[in-house]
Amino acid sequence: MSSWTLKSIPPHDWFICLDVENYFDHEHDPETIFEEGFTRPIPLDERDIIATVFFNGDPEKPEFYIETPEDISKDEIEQANRTLTRILGTNLDLRPLYDQAENDSVLGPKLTEFYGLKRMSRGTLLEDIMNRIIQMQMAHKPTAKKMAFKVREAYGTHLTHNGKTLPAWPRPFQLAKADPAQIRKMGPTLRKGEYMVGLAQDILAGEVDLDYLDKEADPLEFYYKISKVRGIGPTSAQDLMLFRETTEAVFPSNMKSGEEKGLRKWIIMSYGGYPTNTSEEEFLEMIKNWMGYEAAAIEFLFVNYVINQKKGRG
């Protein structure tokens, strides 16, 4: 067994994330994570391991305690931390956002109510993309999560946790050999299977560099390049941008039949505007307090929406 700690930049209240089911996978029960920890497969450079994460509950001195059932090397701990940092958002520094958006009419109250919120993502951009493709156009998210789990069972590395099999998310070399028709039997449409297998094959062929897009591309470059990947349109590209290890994002106009779509429409409506005729200048004025922290800011609005839905306020 190995154990270590991972510090986060304050403020960070990870327990807020337990209210957001989108952050978690089929095997997770957020109601038990508080006491039992957050367990998931962690992709290292050469293999996958199981790790369980516990939060110390202190937003001002946030720290995560990590356990693995096997002994791993110091180098592998560093590899695990790179993945955990992406998942938990520990390197995201939102302190300037709290100062510059304190008096923002829309965002300000959310910063107070959800003080310490940082988004959660999955272990890699490929995981986020697979999750997004499987869930597209599916209203019942528990079913979509079960489908994703079945794809992991079929093509990911099988690990053992508490006597049960816990599959890792498949890597490109594993997914590239999949048959979309077999994926169809697990629930996703044939087209979704083709998208995932095609992406894995493109990664192996060097035609798509997800590592570059995830870690180095600026938000606009990310948006346009990821939009060109089969199965990822403007709306999915916008959402995927928010899971990267950066506070920045862009919200390009996505007008269809004279109507604005996606997150830009939602933001404009949140500020009392009209999506069909809001100019670029007017939009930038609305989010002027978000500058440099657009990805983080929209997450506060999203979590507010999720929690209000749970309370029946819509």
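The values are calculated or read from the model by the stated rules, or taken from the named source; none is laboratory data. Every value quoted in this text rests on a predicted model; they were computed, and no experiment measured them. So basically every Cβ, Gly included, is an ideal-geometry build from the backbone, and we count neighbours across all protein chains shown. We work out accessible area using only protein heavy atoms, side chains counted, and drop any ligands, DNA or RNA first. Shrake-Rupley method; radii C 1.70, N 1.55, O 1.52, S 1.80 Å.
All Cα-Cα distances of the range 58-201, cut into 10 Å bins from zero to the largest, leave 10, 29, 28, 22, 10, 0 percent in each bin in turn. Springs join every pair of Cα atoms under 10 Å in this Gaussian network model of the chain, and among ALA217, ALA80, ALA295 the largest mean-square fluctuation is at ALA217.
Under 14 Å of direct C-alpha separation, and excluding same-chain neighbours fewer than eight residues apart, LYS177 reaches these aspartates and glutamates: GLU194, ASP202. Electrostatic bookkeeping for LYS110 treats Lys and Arg as +1 and Asp and Glu as -1; over the other residues with beta carbon under 11 Å from its beta carbon, the sum is -3.
Secondary-structure-derived ellipticity at 222 nm for the chain, considering helices only, amounts to -13000 deg cm²/dmol, per-run term -39500 (n - 2.57) for DSSP H runs with n ≥ 4.
Test of understanding: what is the full-extension gain from GLU285 to GLU31, defined as 0.36 nm times their sequence separation minus their Cα-Cα distance?
In short, 87.5 nm is gained.
Looking at the range 167-220, the trypsin sites (Lys or Arg not before Pro) that sit in a DSSP loop and have at most 15 other Cβ atoms within 10 Å of their own Cβ are LYS177.
With a ≥ b ≥ c the root eigenvalues of the C-alpha gyration tensor of the range 240-291, is it rounded (a/c under 1.5), prolate (a/b larger than b/c) or oblate? The shape class here is oblate. Taking a Cβ cut-off of under 14 Å around ASN277, the surrounding Lys, Arg, Asp and Glu residues balance to a net charge of -3, with basic ones at +1 and acidic ones at -1.
Partners of LYS164 within straight-line reach, counting lysines whose Cα lies under 25 Å from its Cα and excluding those fewer than 8 residues away in the same chain: LYS141, LYS145, LYS146, LYS150, LYS185. In the elastic network of the chain, a GNM with C-alpha springs shorter than 10 Å, the most mobile of ASN162, ASN81, ASN91 is ASN162.
Could you tell me what fraction of 2.2 N^0.38 Å the Cα radius of gyration of the chain comes to, as a two-decimal ratio?
Normalised Rg, Cα atoms only: 1.00.
Over all pairs of different C-alpha atoms, the range 188-309 has a mean inverse distance whose reciprocal, the Kirkwood radius, equals 15.8 Å.
A run of the chain free of exposed loop cleavage sites, with GluC sites (Glu not before Pro) counted only in DSSP states other than H, G, I, E and B and at most 16 other beta carbons within 10 Å, reaches its longest extent at 103-206. When MET138, MET255 are compared by accessible area of protein heavy atoms, the largest-first order is MET255, MET138, using a 1.4 Å probe.
Taking Lys and Arg as +1 and Asp and Glu as -1, the other residues whose beta-carbon sits under 9 Å from that of LEU92 total 0. GNM remark for the chain: springs join alpha carbons under 10 Å apart, and the peak mean-square fluctuation among ILE42, ILE226, ILE267 falls on ILE267. Apply the a/c threshold of 1.5 to the C-alpha gyration tensor of the range 29-113 and tell me whether it is rounded, prolate or oblate. Prolate.
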